[in-house]
Amino acid sequence: QLQLVESGGGLVQPGGSLRLSCAASGRAFSLYALGWYRQAPGKQRELVSTIQTIGSTYYPNSVKGRFTISRDNAKNTMYLQMNSLKPEDTAVYYCAATKSRTTYWGQGTQVTVSS
């Protein structure tokens, strides 16, 4: 079993940056495919980025070129560097870890982009 805790959210002005962290407790962190998701009020949860065990990454067009996902298996931690933030990036951001068809979720961290 894996427990995930997000941190790093907050209020930022448009054009600003934030770095989210997802700290995991449990075994075999390096064997999990990881991802960031977000959910804005009144909207469905959407994929923000994924990083596989071998380090390959994926970004939808909405964040490509602005967000960067990374993982540090030695620290059992995943990161999301968010640059050039826009008001439409406002949401609760969740991290997720998947292995053998089982997905674990964090509790979420609020990101608000507003002037």
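Data table
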read-out	value
Accessible area of the chain belonging to carbon and sulfur atoms, whole % at 1.4 Å probe	46
Fraction in percent of alpha-carbon pairs per bin - 5 Å, the range 1-62	4, 13, 18, 26, 22, 10, 5, 1
All-pairs alpha carbon distance profile, the range 43-90, 10 Å steps from 0, percent	23, 52, 23, 2
Relative compactness, the range 62-111, computed as alpha-carbon Rg over 2.2 N^0.38 Å	1.29
Reach of Lys99 by Cα under 26 Å, taken over lysines that are not fewer than 8 positions away in the same chain	Lys64, Lys75
Equivalent ellipsoid, the chain (semi-axes from 5 times Cα gyration tensor eigenvalues, Å)	23, 14, 13
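The values are calculated or read from the model by the stated rules, or taken from the named source; none is laboratory data. Fair warning: this is a prediction, and the values are worked out from it, not measured in the lab. With ligands, DNA and RNA removed, areas are computed over all heavy atoms of the protein, side chains included. Shrake-Rupley method; radii C 1.70, N 1.55, O 1.52, S 1.80 Å.
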